[in-house]
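Participant: Before I ask anything, here is the structure I am working with.
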Amino acid sequence: MQDTALLIVDVQNDFCPDGALPVPEGDQVVPVLNRVAQKVAQAGGLVFASRDWHPPTTRHFAAYGGKWPIHCVQNTPGAQFHPDLKLPEGTMVISKGTSENDDGYSAFEGRTEQGKTLLEILRERGIRRLIVGGLATDYCVRASALDALKHGFEVIVLTDAVRGVDVQPGDSERALQEMQAAGATLTTSDAL
Ligand code: VGL
Ligand code: ZN
């Protein structure tokens, strides 16, 4: 597992039921990702947790010309990770969507508190394989997985650890097929 990392995408309150941009069943990824994160960490793999981390006014929000209700505003309760999400010690948090001018869907657009990009850390650590789960299948999971493939990583998407927004019915299913067509492996967490 030294060459493998887990990327937990945006498991934040606003994307869970009762949140500002609820993903249906979004909270159901939590126990699955807790198990996978523990397994990966125990085997010596790195764990990353990305978070949508928007300024209060951004063109990402419908109020300012974008597509979405206001969600995951920096330092608000809605932007916190789900309270039951158990991130192993040493988990690296990647904040994304921090600009007022872009959506920031991909974790590869984000940075750690120290200002490093996900790509820099993956390369420094010699990671070759990325396991991906989280929210939402049809936006940030999709964008992050496709970017990882573009950068030459092996990508495994955990179908039982993702849920989608489905603005249009079938968006999540199409996103999974797109990731697979681009080279990702789709599997369930028990097959890891
Ligand atoms: C996301 C919509 C808006 C995501 C973020 O995390 O998938 N979706 N902002
Ligand atoms: Zn967002």
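Participant: When you count, for each residue, the other Cβ atoms within 10 Å and take the mean per peptide, how do 52-64, 154-166 rank with the highest first?
Facilitator: 154-166, 52-64
Participant: How large, in percent, is the carbon and sulfur part of the accessible surface of segment 4-191 at a probe radius of 1.4 Å?
Facilitator: Here it works out to 47 percent.
Participant: What residue among Asn13, Asn101, Asn34 shows peak mean-square fluctuation when the chain is described by a Gaussian network model with Cα springs under 10 Å?
Facilitator: Judging by the Gaussian network model, the answer is Asn101.
Participant: In percent, how large is the relative contact order of the chain, given Cα pairs closer than 8 Å and 6 or more residues apart?
Facilitator: Result for the chain is 24 percent.
Participant: Around His54, under 11 Å between beta carbons, what's the net of Lys plus Arg minus Asp minus Glu among the other residues?
Facilitator: Working: positive: Arg51, Arg59, Lys96; negative: Asp14, Asp52, Glu100, Asp102, Asp103.
That sum, taken over residues with Cβ under 11 Å, equals -2.
Participant: Kindly report, to the nearest 10 Å², the accessible surface of Glu120 as traced by a 1.4 Å probe over protein heavy atoms only.
Facilitator: The accessible area of Glu120 comes to roughly 90 Å².
Participant: Let me ask another. Quick one: grab Rg to one decimal and Dmax as a whole number for the chain, Cα atoms only, in Å.
Facilitator: 15.1, 45
Participant: Subtracting the Cα-Cα distance from 0.36 nm times the residue separation, let me have the gained length for Arg174 to Gln28 in nm, one decimal.
Facilitator: 50.5 nm
Participant: Roughly how far apart, in whole Å, are the Cα centres of segment 131-147 and segment 1-76?
Facilitator: Cα centres, segment 131-147 to segment 1-76: 10 Å.
Participant: Tilt of helix 171-181 relative to the longest C-alpha principal axis of the chain, in degrees (0 to 90, nearest 10)?
Facilitator: For 171-181 against the chain, the angle is about 30 degrees.
Participant: What are the lysines whose alpha-carbon lies under 22 Å from the alpha-carbon of Lys96, with same-chain residues fewer than 8 places away excluded?
Facilitator: Answer for Lys96, where 22 Å is the Cα cut-off: Lys67, Lys86, Lys116, Lys150, listed by chain and number.
Participant: Now for a separate question. Translational diffusion coefficient of segment 1-41 at 37 °C, 0.692 mPa s, Stokes-Einstein with Kirkwood Rh over Cα pairs, in µm²/s as a whole number.
Facilitator: Working: Rh = 11.2 Å.
Approximately 294 µm²/s, per Stokes-Einstein.
The values are calculated or read from the model by the stated rules, or taken from the named source; none is laboratory data. A quick note: this is a predicted structure, and the numbers were derived from the prediction, not measured. With ideal geometry, Cβ positions are generated from the backbone for all residues, glycine too; neighbour counts draw on all protein chains shown. Keep in mind that these areas ignore ligands, DNA and RNA; they rest on the heavy atoms of the full protein, side chains included. Shrake-Rupley method; radii C 1.70, N 1.55, O 1.52, S 1.80 Å.
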